[in-house]
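Colleague: Can you keep this structure in mind? I'll have questions shortly.
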Amino acid sequence: MDPLSFLLEPLQYGFLTRALVVTLAAAVVASVLSCWLILMGWSLMGDAVSHAVLPGVALAYIVGVPFSIGAFIFGVGAVALIGAVKSTTKLKSDTVIGVVFTALFAVGLAIVSRTPSQVDLMHILFGNVLGVTDGELWQVLILGSVTLAIVLIKRRDLTLLAFDRTHAHVIGLNTRFLGALLLGLLALTVVVGLQAVGIILVVAMLITPGATAFLLARSFDRMLVIAVAITATASVAGVYASYYLDISTGASVVLAQALAFAVTYLAAPRTGLISQLRRRRRPAVQPARQAS
């Protein structure tokens, strides 16, 4: 098969074209937010919110409203509940997050298991990007555009919050509002990513691109560009791999992102494992040569 046919053959199917657009949009939005989550150490919060929205998705299906509404309400509710428990106890953040998100995830599983419906639990957990309708496509594009617009408008304040929260407070920024805004954007991004890869795998979109770019970039702006470039490439590669290898699209996209991280971890110029081993070996070799 020639390269042009290789690229164009999947696009003759409308459902696969919609899947490519939805996956690309969700991945780009998640990759931008992942840079802030990595710098602020909020990766576990992304995992928590992605799991905590399950009851909202299940209830939305039951009452017949767009699942994004239920997911967003429970995502914001989970963040508020975590903050309330943490501020009224001496428990550490990771403990509170673990308790809240597992409890809400269990509530969601209980609702799904007790509700007679045609809803496939696997589609909620792992996404159903090949079954995306035109309405769901526009929903992802609109929510993704809103999220990106807010992030770009507040980019400087959010970056200062991530690097030095105390300085941000001293110069007059409302750090509590910025933190709440970032968590709200996190909930919105989870809603966007649900359609592409589902509740379980959306956390990979929220962590892997930022972690990969962190190993490669020396400045935050460059980290943002690298994260978007890597996740866009991995998303396209993942969708095409799912078509030609006949595997799950969500899993294929996440595996492509994980492969990019693995390659970066091993071969990054400054922080890669191979570079570290070479630097450790160099001082031992030089004295040996000087002695001879």
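Colleague: Go through the stretch 26-80 residue by residue and tally those that are of a type in the set (Gly, Ala, Ser), part of a helix (DSSP H, G or I) and farther than 27 Å from PHE163 by Cα.
Modeller: 7
Colleague: Next question. Do we have ALA58 as of a type outside the set (Ser, Thr, Tyr), in contact with a Gly (Cβ under 9 Å, 6 or more places away or on another chain) and over 26 Å from VAL228 (Cα atoms) here?
Modeller: Against the criterion (of a type outside the set (Ser, Thr, Tyr), in contact with a Gly (Cβ under 9 Å, 6 or more places away or on another chain) and over 26 Å from VAL228 (Cα atoms)), ALA58 qualifies.
Colleague: Just to be sure I understand, how many residues within the stretch 64-91 are aliphatic (A, V, I, L, M), within 20 Å of ASP47 (Cβ to Cβ) and open to solvent by 50 Å² or more (accessible area, probe 1.4 Å)?
Modeller: 5
Colleague: For the stretch 192-292, which fully contained helices (runs of 4 or more DSSP H) count at least 2 residues that are modelled with pLDDT under 85 and open to solvent by 20 Å² or more (accessible area, probe 1.4 Å)?
Modeller: Fully inside the stretch 192-292 and qualifying: 273-291.
Colleague: Oh, and also: Are there any pairs with C-beta distances below 9 angstrom linking a residue in the stretch 257-283 that is basic (Lys, Arg) to a residue that is modelled with pLDDT under 95 and in a loop (DSSP other than H, G, I, E, B), with the two at least 6 apart or on different chains, and if so which?
Modeller: That search, which allows pairs on different chains as well, returns ARG270/ARG218.
Colleague: Using beta carbons and a limit of 8 Å, which pairs, at least six apart or on different chains, have the first residue in the stretch 153-167 and without any contact (Cβ under 8 Å) to a residue 60 or more places away in the chain and within 17 Å of ARG222 (Cα to Cα) and the second one open to solvent by 40 Å² or more (accessible area, probe 1.4 Å) and assigned to a helix (DSSP H, G or I)?
Modeller: LEU160/HIS167
Colleague: Among the residues of the stretch 186-223, count how many are closer than 14 Å to ALA27 by Cβ and not small (Gly, Ala, Ser).
Modeller: Count: 15.
Colleague: Can I ask one more? Mind listing whichever residues of the stretch 122-157 are under 17 Å from VAL53 (Cα atoms), of a type in the set (A, V, I, L, M, F, W, C) and surrounded by 18 or more Cβ atoms within 10 Å (Cβ to Cβ)?
Modeller: ILE124, LEU125, PHE126, VAL140, LEU143
Colleague: For the stretch 13-24, check the following and say yes or no: at least one residue is open to solvent by less than 10 Å² (accessible area, probe 1.4 Å), assigned to a helix (DSSP H, G or I) and closer than 20 Å to ALA80 by Cβ.
Modeller: No, every residue in the stretch 13-24 fails to be open to solvent by less than 10 Å² (accessible area, probe 1.4 Å), assigned to a helix (DSSP H, G or I) and closer than 20 Å to ALA80 by Cβ.
Colleague: Sort out which residues of the stretch 167-191 are open to solvent by 20 Å² or more (accessible area, probe 1.4 Å) and hydrophobic (A, V, I, L, M, F, W, C), and write them in order of number.
Modeller: Across the stretch 167-191, the qualifying residues are VAL170, ILE171, LEU173, PHE177, ALA180, LEU181, LEU183, LEU188.
Colleague: Could you check LEU8 against (1) in contact (Cβ under 8 Å) with a residue 60 or more places away in the chain; (2) under 30 Å from VAL225 (Cα atoms); (3) surrounded by fewer than 18 Cβ atoms within 10 Å (Cβ to Cβ) and say which number it fails?
Modeller: Of (1) in contact (Cβ under 8 Å) with a residue 60 or more places away in the chain; (2) under 30 Å from VAL225 (Cα atoms); (3) surrounded by fewer than 18 Cβ atoms within 10 Å (Cβ to Cβ), only one is false for LEU8: (1).
Colleague: Do we find that ASP47 is charged (D, E, K, R), surrounded by 13 or more Cβ atoms within 10 Å (Cβ to Cβ), out of contact with any strand residue (DSSP E or B) (no Cβ under 7 Å at 6 or more places or on another chain) and over 19 Å from ILE142 (Cα atoms) in this structure?
Modeller: In short, yes.
Colleague: In the stretch 104-138, what residues are among the acidic types (Asp, Glu) and at pLDDT 70 or above?
Modeller: Selection gives ASP134, GLU136.
The values are calculated or read from the model by the stated rules, or taken from the named source; none is laboratory data. In this text the structure is predicted, and so the values were computed from the model without any measurement. Reconstructed Cβ throughout: ideal geometry from the backbone, glycine too, with neighbour counts over all protein chains shown. Only protein heavy atoms, including side chains, enter the accessible area calculation; ligands, DNA and RNA are left aside. Shrake-Rupley method; radii C 1.70, N 1.55, O 1.52, S 1.80 Å.
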